[in-house]
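Below is one structure, written out as structure tokens; the observations come after it.
The values are calculated or read from the model by the stated rules, or taken from the named source; none is laboratory data. The model shown is predicted, which means the values in this text are computed figures rather than measured ones. Cβ placement follows ideal geometry from the backbone for every residue including glycine, while neighbour counts extend to all protein chains displayed. Remember, those area values only see protein heavy atoms, side chains included, never the ligands or the DNA or RNA. Shrake-Rupley method; radii C 1.70, N 1.55, O 1.52, S 1.80 Å.
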Amino acid sequence: MILQALTQLFEDLTQQGKISRPGWSKAKISYALCLDESGALTYVVPLLREEQVGKKTQLRPTPIELPSPVTRTVGILPNFLWDNSSYILGVDEKGKKERSLACFRACMDLHHRLLDELDSPIAKALLAYFDTWQPESAREHPALADCWEDIMKGANLTFRVDGRFIWEDEAIRRAWDNYYGDIQGEKQQCLVTGNWDVTEPVHPSIKGVAGAQSSGAAIVSFNAPAFCSYGKEQSLNAPVGKYAAFAYTAALNHLLADRENVHRIGDTTVVCWAEGAEPQYSAVAGFSLFGDDLPDTMTENDLRNALKKLADGLPCYEMNLTPERTFYILGLAPNAARLSVRFFYRNSFGSLMKNVTDHHERMEIVGSRYQIMPLWAMLRETVNLNTTDKSPSPVMAGATVRSIFTGTPYPASLLEATMLRIRAEREITPGRAAILKAYYLKNSCELCPKEVLTVALNENSTNIPYTLGRMFAVYEEVQEAANPGINATIKDKYFNSAAATPAVIFPILDNLCQKHLRKLEAGLRITKDKQIGKLKNVLGESYPIRLTLPEQGSFNLGYYHQKQFRYTKKEDK
């Protein structure tokens, strides 16, 4: 399913002219070696361009459409028309002189094999370069002096002859196309396209997944006898044709190269696309799911209205969106030299937006700075921000995202992680309160009724745990009023135990509150005394001995709502 969707995306992008055809792909090139007609190196042209990275400007290699790179493991395999210094110059800084010379000879042999029969001045100059270049003298060549250090760091090189890049020569391009298409081997039925094709034993690498190897990682691979069957080796176990292997990797690399549409959820790199490769669908998903900045022409209300229309099954003509369009979301996580699929979602865009809209409505809470809380901000509430690694649990994050996309109940691990942070920090942030509210609204529980799962304070609620949380907030407010600037409040000492065993802690808090009330001025003392009296009338004469986990959620929401009520303007109240 994943490979088929990516192959279809490749075909859509090819029709739009946004991606290279089979055998060609974008390579990041830093320098061009300029040759004369005799193949002698005359000078080097830098192909670096300025890119804005945060607040700084950095020089980055230029992506150029060149023959597709080979997939390397430990063997010597050259690229055609471009490569690093080991293959192009025959030198490196790793101290492996013999290997570098072997790489150079392999690159020379490949170019002779493809270009010997061509009657092209550019091809002849390139072959003359390989025949006359002396790798042992490379370091002393004056043309390489200024860029030597950068080249030795792994920069990719290509060639220019008489002011023309070698890939611009039609004869050379045809030679590569013929070579790429004339691959010999046993043909099998491709599992992706259903067509008969030569099976690709090693699939091209996927680059751009955070945490994976910078040289690329595989999404399909077989590299141990345990993975083989019936004498089939490598990817012959699951035959994917050469065309499909190129297509799905090219499409995925194209998605990962567009940094504006690549998102992170913990250790997972997320890309999304619509059938037909229309970019507006991915953009709206970025706004609604990942908190991307809205364009100047769109407001939060515009986005909400668009999501509402799509959720109701209606087209949004203002953004050229239709709810029937098939939409895909793929989450990839690093796993050594491979990639693991954390989640893969396929549904109509309207169904996705309905599930997302329902989630946002459940997450709505007073005091939040987000009208639409992005996924990364939600999952950050489960993390200790004082640690070095601020990534949420990968398993929990993946399960949570899947539940949001599919509209299924939230995983218990989300609630556990949120409650753990509340207990550890004794702090209920707007995000944590929103998670508690959303969790119990979706995963309905009788011990945490809907009357406490409101956006703001419900003064009419008679739920005991919710009322206990409200009263704890009032007690804390009285203490702060009686002792301005106090370093540690009752929350720092009693919050967790009050939420778990009210019968033990609240008599102590009652006694402390009476002492604090005596320090207040008469008007405020009477107001707070009446407020506490109303809450005690709901609680009755005794406190619960213990509160279950859902009841502790009610307690936390009552505390949070009461705290936020203090900061609400009188006219809003």
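Summary of computed values
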| quantity | calculated |
| --- | --- |
| Contacts under 7 angstrom Cβ, first residue in the stretch 315-342 being free of Cβ contacts under 8 Å to residues at least 24 places away in the same chain and under 23 Å from Pro295 (Cα atoms), partner in a loop (DSSP other than H, G, I, E, B) and open to solvent by less than 40 Å² (accessible area, probe 1.4 Å), 6 or more apart | Pro315/Pro323 |
| Any hit, the stretch 283-301, residues being out of contact with any helix residue (DSSP H, G or I) (no Cβ under 9 Å at 6 or more places or on another chain), hydrophobic (A, V, I, L, M, F, W, C) and assigned to a loop (DSSP other than H, G, I, E, B) | no |
| Single residue of the stretch 438-458 satisfying the filter (in a helix (DSSP H, G or I) and out of contact with any Lys or Arg (no Cβ under 7 Å at 6 or more places or on another chain)) that is surrounded by the fewest Cβ atoms within 10 Å (Cβ to Cβ) | Lys450 |
| Enumeration of residues in the stretch 53-75 that are part of a strand (DSSP E or B) and either touching a residue at least 60 places away in the same chain (Cβ under 8 Å) or among the charged types (D, E, K, R) (or both) | Lys56, Arg60, Pro61, Pro63, Ile64, Glu65, Leu66, Pro67 |
| Within the stretch 6-43, considering residues that are surrounded by fewer than 19 Cβ atoms within 10 Å (Cβ to Cβ) and of a type in the set (A, V, I, L, M, F, W, C), the one farthest from Asp197 (Cα to Cα) | Ala40 |
| Selection from the stretch 380-404 of residues that are among the polar types (S, T, N, Q) and under 15 Å from the mean Cα position of the chain (by Cα) | Ser391, Ser393, Thr400 |
| Test: residue in the stretch 444-460 that is within 26 Å of Met378 (Cα to Cα), of a type in the set (Lys, Arg), under 34 Å from the mean Cα position of the chain (by Cα) and modelled with pLDDT of 95 or more | no |
| Leu255 within 30 Å of Phe290 (Cα to Cα) and in a helix (DSSP H, G or I) | yes |
| Ala238 modelled with pLDDT under 90 and closer than 30 Å to Tyr281 by Cβ | no |
| Among the candidates Ala247, Ala257, Ala306, residue that is among the hydrophobic types (A, V, I, L, M, F, W, C), at pLDDT 85 or above and touching a Gly at 6+ places or on another chain (Cβ under 7 Å) | Ala257 |
| Failed item in (1) within 25 Å of Lys26 (Cβ to Cβ); (2) at pLDDT 90 or above; (3) surrounded by fewer than 17 Cβ atoms within 10 Å (Cβ to Cβ), with Thr57 passing the rest | (2) |
| Residue check for Ile172: touching a residue at least 24 places away in the same chain (Cβ under 8 Å) and either in contact with a strand residue (DSSP E or B) (Cβ under 8 Å, 6 or more places away or on another chain) or assigned to a loop (DSSP other than H, G, I, E, B) (or both) | no |
| Single condition Leu303 does not satisfy, out of (1) open to solvent by less than 10 Å² (accessible area, probe 1.4 Å); (2) under 14 Å from the mean Cα position of the chain (by Cα) | (2) |
| Helices (runs of 4 or more DSSP H) contained entirely in the stretch 462-573, each with at least 1 residues that are farther than 30 Å from Ser444 by Cβ and either open to solvent by less than 40 Å² (accessible area, probe 1.4 Å) or free of Cβ contacts under 8 Å to residues at least 12 places away in the same chain (or both) | 464-482, 490-500, 502-517, 522-539 |
| Tyr87 open to solvent by 80 Å² or more (accessible area, probe 1.4 Å) and touching a helix residue (DSSP H, G or I) at 6+ places or on another chain (Cβ under 6 Å) | no |
| Among the candidates Pro142, Pro204, Pro121, Pro135, residue that is under 39 Å from the mean Cα position of the chain (by Cα) and either under 30 Å from Glu260 (Cβ atoms) or open to solvent by 10 Å² or more (accessible area, probe 1.4 Å) (or both) | Pro204 |
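Every residue, every condition in (1) of a type in the set (Asp, Glu); (2) buried (at least 18 other Cβ atoms within 10 Å of the Cβ); (3) part of a helix (DSSP H, G or I); (4) modelled with pLDDT under 90, yes or no:
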site: Val45; (1), (2), (3), (4): no, no, no, no
site: Glu51; (1), (2), (3), (4): yes, no, no, yes
site: Phe80; (1), (2), (3), (4): no, yes, no, no
site: Asp109; (1), (2), (3), (4): yes, no, yes, no
